[in-house]
Amino acid sequence: FELRRLGGEIYFGAKMTKIHVDDGMDSVTGIDVEYADSFEKGGKVETDLPKAKESGTMETIHADAVVLATGHSARDVYEGLHRDGVKLEPKGFAAGFRVEH
């Protein structure tokens, strides 16, 4: 992972519950997370993952940059970001296709 090589950390099984921003609302200072003891990946439950913690454990992670890899079905994440005053902008529409011959 390039992020790890550059000093980033990846937290598996962590659900962001709150984002912290500075008073000017222009930079992230950290996030609150709650951990699940496992998560499903490709139909298989994964439990032995780096940075995974005991289910129900909560903590604040302080950071000056956060990458939210929300995946699909992340409505609660976006509602929370909106609630916390984070400016959200819609992504431009993108379509793709595959041609086989």
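Take the range 59-101 and flag every residue that is surrounded by 10 or more Cβ atoms within 10 Å (Cβ to Cβ) and touching a residue at least 60 places away in the same chain (Cβ under 8 Å).
Hits for the range 59-101 are V77, G80, L81, D84, V86.
For the range 50-58, state whether one or more residues are surrounded by fewer than 14 Cβ atoms within 10 Å (Cβ to Cβ) and modelled with pLDDT of 85 or more.
For the range 50-58, residues surrounded by fewer than 14 Cβ atoms within 10 Å (Cβ to Cβ) and modelled with pLDDT of 85 or more: present.
The values are calculated or read from the model by the stated rules, or taken from the named source; none is laboratory data. Predicted model, so just to flag it, every value in this text is computed and none were measured. Cβ sites come from the backbone with ideal geometry, for glycine too, and all protein chains shown count toward neighbours.
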